[in-house]
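The values are calculated or read from the model by the stated rules, or taken from the named source; none is laboratory data. Everything quoted here is computed from the prediction, not taken from an experiment. All Cβ positions, glycine included, derive from the backbone under ideal geometry; neighbour counts span all protein chains shown.
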C-alpha cells in the first residue's frame, strides 16, 4: 500500500499534519510533531527520487479518475530532485527553528508557526508534484498564504510592511498565472500538463497561446524574483524570522524556478518558447543584469540578511541563465544550482540567524570579532560563503562549472566570462563579512561572556548543510546524475553525448 | 408572457442603474447607503425575474442569498458608523 | 460587426481587469490596494466564466428536456479561485490592521519614511 | 391560464413602475428623510407586486415556497434596514429640510445680532 | 436577450470600476466594491454559472465587504492625496492590457459551442457524470469528485488564511464582557434579527445538503452559516457570540473539517483505491460516490464556517478593543 501511494505522500503528509499541529497547540509538542512529519516527507522523497531515477516517471491519478478528467500527480527526475531539496531543508530548518524562534517569535504563536510551516511545505510539495496546471495555482496559493504568515511573525514592525508588499506582489503574480492558464485552457480545453503540451503543439504560433505564455512567465517571474520583478524579496527576507528566511530562500524561489522550467520545457516546448518567440534572449539578458545588479547591491548593504537576500536574487539569475542557454548542459547546470543553492543559502541564513540569536542584530558591525566568540558558527558561515563564491571543493563550484561549460559549448565566451566576473562581486560581499568576523575586534561595550557559541540544536542542522556543501562538492556523482537525468528528461531530443563528456571533464 | 418578463427585467435594470448613479454621487453618505440598499433589493427582484425569463426558476436560492447579504451588509454599515463619525 | 459581437465580452473583461490592476499598482492607501486586488481577481473570474458559456445552453444542472449545457469546468475552477481570493483578502486586511497599529498610518509613502530604506 | 398571465403581467408592470418612481424619488426629493421614505416605501410595494406576479407563474412547487420566503424576508428586512438607517442618520446629526432652515435662520439671526 | 442583459451589466461594471479608481472616500470605495461584486455575480448568473454566482454573492459582497468595513473602522476612512506619479502605473497597465487584447484576437468566439473548451475534457463531465456520479448538479460532481484534490487544496487555503489571521491579530477575550457593544439603540433590529437568524441557519443547512441537486454546497453553506453568526455578533455584540461559539472551539472545528475531508481520502486508500477514490467507499460505486461527496462537502462546510467566523472574530475584537481605548 505504501509503495502504491508513494507519489501522493509528500504532499499528503504535511497537509494532514498541519491541522493536527494546530490542535496539539503546545509549543514543544507541535515542534516535535512537525519535525517528525517533515522527516517522514524527506524519507519519502528519497524513495521517490530513487524510484524516479530507475522507473522514469510515477503517475498517480487522484480519485481514480484518469487524466485529463481527474487530477494527476506526476513525479519524474526533475521534480523528485527538487522535492528532495525542499523536504530536506524543511526538516533541518524545523530542527533549527526550535531555539531560533524562541527568540524571534512570541511564545503564544509557536504552534501557529509550525502549522504555517507545514502548510508551506505542503504547498511547495504540491506545486512540485502536481501534473495539473490549475492544481498548481491552488497549491501556489497554499504555500504563498503560509509564507505571508511566516514572514509577518517576526517581532520587528518592518516585517509587516514587507509581508504586505510580498502579499500584493505575490497575488498579482498568481493572478497573472491564472490568466495565463485560462488563455491556454481556452485554446486547448484541458488543464493536464501533458495533455496541454500535446494540444499546444497543434497550434503554430497562436496569438492567444503566446499571450498566455507571456503572462505565465511574468507571473512566475514575480514569484521567483526574476530581476525587474524582485522588489518584494529583499525586505521580506530581511525582516522575516531567521528560520523562515533560511527556509524560504532555499525553497520558495527554487520551486518557482522549477515551475518555470516545467512550463517552458514540458508544456510549451523549447521550439515554441525559444525559437519562435525568442524568449531565450530576453531571459538571458535579464539573468545577466540580475546577476550583476543584485550582486552589486549585495556589496553595499549593511544588513547581512539583506546582503544575502540580494545575493539570492543574483543566484536566481544563474539558474535562469542556465536554462536560457537552451542546451542539456545549461539546463542541467540550472537544475543542479537549484539544489546546490538550497544547500548554501540554507547554511548561510542559519548562521546569520545564530548570530542574531546571540548578538541580537544582523548588522555587519555586529559581526565584529565573532570569529573568536562563535567559532563553529563562523566556520560554517565561511564554508557556505566560499560555496557561494564558487571555490573548488564546494557545491557552488560544481554548478558554476557546468554553467561555464554550457556557455563554452555554444562558444558563448561572453556569458562564461560574465559568470566568472560576477563571482568576484561575491568575493567582495562575502569578504566584507568575513573581514569583520575575523579581523575586527569585538566592540568594547559587548560582554564577551554573553556572546558565545549557538545552541547545539541550531548548530547541528547548520553543519549538516555545510558538510553536504563539501560532500556534494567533492563527490559530484549523485547530484550530477540526478540533475543530468532530469535535464535529459526535459530535453526530449537532447543529445546525451555532451553531458557524458562534461562529466568526464569534471573528473 | 416572455415579452412582459423581458420588459420587466429591463425596467428593473434601469432602476438598478439609477440607484447605482445615486451610489456613485450622493449629497450625504447616507444617501449613498440608501442607493446601495435599493440596488440590493432590486437585484433580488431582478434575479427572481430573470430566473423565470430563462426558464430555470430553480435558482431562486441565489436571490435569497442576495437578500440576506444585503441585509447583513446594511447592519455592518450601521455598526461601522458606531466607530467612525459619518461626516462627509 | 460579427467580429465585435464575438469578442466584446472579452474586451470589456480585459478593461475591468486593467482597471483593477491599475488600482493595485497606483493606490497609495493599502485598503484601496486590497480593493483593487479584488476587482482584478473578480474580473479574471469573469474571463473564465465567459469562456464556459455556450450560446443557447443553460446552467449545468441536469433538467428534463435540455441537451445543451454550459461548460461546468470553468465554474469549478472559479469556485476554487474565489475562495483563494477571499483568503488572501483576509490575510491582507489583517496585515493592514497590524500596520496601522505599528505605524499609525496605512499610506504607503508615509510609513516608508518612518523606516530606513529596506 | 390566460387570465393568470394577464394578472401576472399587470402585477409585474405595476411593481416595476413603483420601483421606478422610488428611484426617481431618490434624486428628486429635497432632503435625506424624504428620500429614505420614497425609497423604502416603494421598495416594499415593488417587492410585493413583482414577486406576486412571479408567484402566479409558478406551478405551486418548491419555487413557490422559495418566492414566498423571499417575499417574507424582504418584507421583514427591507423596512428594518431603512428604519435603522434613518435612525442612524438622525443620531449622526442629519437634519430634515425644515429643521435645517430654522437652524440656518437661527444662525443668521445670531450673525445679525453680532453685527 | 441574454446578450443585452450582459451588455448592460458589463457597462455598469465598467462605470463602477472607474468610479472606484477616482473616489477618495474609502467607505464609498468599499460600498462600490460590494456593488461590483453583486454585479459580477449577476453576470455569472447570466452566463449560466449559478454556483459561482452563489459563492461570489456570499463571499465577495458579503464576507469581503464586512471585513473591509471592519478594517476601515480601525484605519480611517479618507485616502490621502497620492504623491506617486500615476504615469508609470498607467504605462504598465496599458502594456498589459494591450498584450491581453492582442491575445483575444485569436480567441475562439464568445459562446460558440464548437470552441475547444467545449470539445475536449468537458463533454465527459456533461454526458457521463450523471451516470458515473449520479448527481444532477455537474458542478458539484466535478468539484467534489473529478477534481476533489483541488477542492482539498481550497479548504487548506481557507485553513491557511485562518492561521494567518490568528497569527496576525489573534482573538482577544475581554475580561469585562459586560462591555457596551452591539447595536443597543436599535430595538427594531434586535427583534428582527432574532426572527431572521434561525431561518438563515436553516437555509444554510438546506444549501449544504441540497447542493447535489441545485446550486450550493459546502462552501456556500459554511459562508451563510457564518453570516448568521456575524449578524448576531453585529446586533448583539461580540461577547454574546463568543459565548455561543468560542474561538478555541472554532479552531478545533476548522482543523476537524480539513481532517474529515482528508479522512475520506485515507479511507478510500485503505479500501484499496487511490486517494479520494469514492468508488471504493461502498459496494456500489454510485453509492460510494454519494457517501464521499456528502462527507467531504460537510468537511468543507465545517471548515469554511469556522474559519470565516474566526476571521470575523479577529477583526471584530480588534475594533472593540480600539473603541474602548
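Figures for the structure shown
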| item | result |
| --- | --- |
| Residue list for segment C:21-44, restricted to those being under 16 Å from residue A:182 (Cβ atoms) and facing chain E (nearest Cβ under 7 Å) | C:21, C:42 |
| Residue within segment E:217-240 that is within 25 Å of residue B:77 (Cβ to Cβ), surrounded by fewer than 19 Cβ atoms within 10 Å (Cβ to Cβ) and more than 14 Å from chain A (Cβ to nearest Cβ) present | yes |
| Matching residues, segment C:1-15, being facing another protein chain (nearest Cβ under 7 Å) and closer than 15 Å to residue E:46 by Cβ | C:9, C:12 |
| Residue within segment E:117-127 that is facing chain A (nearest Cβ under 9 Å), outside any helix (DSSP H, G or I) and within 27 Å of residue A:195 (Cα to Cα) present | yes |
| Count of residues meeting criterion [at the interface with chain D (Cβ under 8 Å from one of its Cβ atoms), under 20 Å from residue D:92 (Cβ atoms) and part of a helix (DSSP H, G or I)] in segment B:11-52 | 8 |
| Looking only at segment D:31-50, and only at residues there that are touching a residue at least 40 places away in the same chain (Cβ under 8 Å) and more than 7 Å from chain B (Cβ to nearest Cβ), the one that is farthest from residue D:95 (Cα to Cα) | D:40 |
| Subset tally (residues that are farther than 24 Å from residue E:32 by Cβ and in contact with a helix residue (DSSP H, G or I) (Cβ under 7 Å, 6 or more places away or on another chain)) for segment E:84-102 | 3 |
| Residues that are within 7 Å of chain E (Cβ to nearest Cβ) and within 29 Å of residue C:96 (Cβ to Cβ), drawn from segment C:46-60 | C:46 |
| Hey, residue A:112 at the interface with another protein chain (Cβ under 9 Å from one of its Cβ atoms) and assigned to a helix (DSSP H, G or I) or not | yes |
| Selection count where residues are in contact (Cβ under 8 Å) with a residue 60 or more places away in the chain, under 30 Å from residue A:237 (Cα atoms) and surrounded by fewer than 24 Cβ atoms within 10 Å (Cβ to Cβ), scope segment A:169-200 | 1 |
| Top-ranked residue in segment A:150-167 [being surrounded by fewer than 24 Cβ atoms within 10 Å (Cβ to Cβ) and facing chain C (nearest Cβ under 7 Å); ranked as nearest to residue A:133 (Cα to Cα)] | A:158 |
| Count of segment A:226-241 residues which are modelled with pLDDT of 90 or more and over 15 Å from residue A:163 (Cβ atoms) | 0 |
| Flag for residue E:29 being in contact (Cβ under 8 Å) with a residue 60 or more places away in the chain and either under 22 Å from residue B:69 (Cα atoms) or outside the structural domain of residue E:143 (by TED's automatic domain parsing) (or both) | no |
| Test: residue in segment E:176-185 that is modelled with pLDDT of 75 or more and out of contact with any strand residue (DSSP E or B) (no Cβ under 8 Å at 6 or more places or on another chain) | no |
| Failed item, numbered, when residue E:101 is tested on (1) under 23 Å from residue C:79 (Cα atoms); (2) within 14 Å of chain A (Cβ to nearest Cβ); (3) part of a helix (DSSP H, G or I) | (1) |
| Failed criterion for residue E:59 (all others in (1) surrounded by fewer than 16 Cβ atoms within 10 Å (Cβ to Cβ); (2) modelled with pLDDT of 85 or more hold) | (1) |
| Some residue of segment B:53-68 being facing chain D (nearest Cβ under 8 Å), assigned to a helix (DSSP H, G or I), more than 17 Å from the chain's Cα centre (by Cα) and closer than 28 Å to residue E:206 by Cβ | yes |
| Wholly enclosed helices (runs of 4 or more DSSP H) of segment A:350-449 bearing at least 2 residues closer than 17 Å to residue A:318 by Cα | A:375-389, A:395-409, A:413-439 |
| Matching residues in segment A:46-79 - criterion: being in contact with a helix residue (DSSP H, G or I) (Cβ under 6 Å, 6 or more places away or on another chain) and in a loop (DSSP other than H, G, I, E, B) | A:65, A:68, A:69, A:70, A:71 |
| Tally of residues being more than 7 Å from every other protein chain (Cβ to nearest Cβ), over 17 Å from residue A:146 (Cα atoms) and assigned to a helix (DSSP H, G or I) across segment C:61-102 | 2 |
| Total residues in segment D:1-30, condition within 9 Å of chain B (Cβ to nearest Cβ), closer than 30 Å to residue D:93 by Cβ and surrounded by fewer than 17 Cβ atoms within 10 Å (Cβ to Cβ) | 2 |
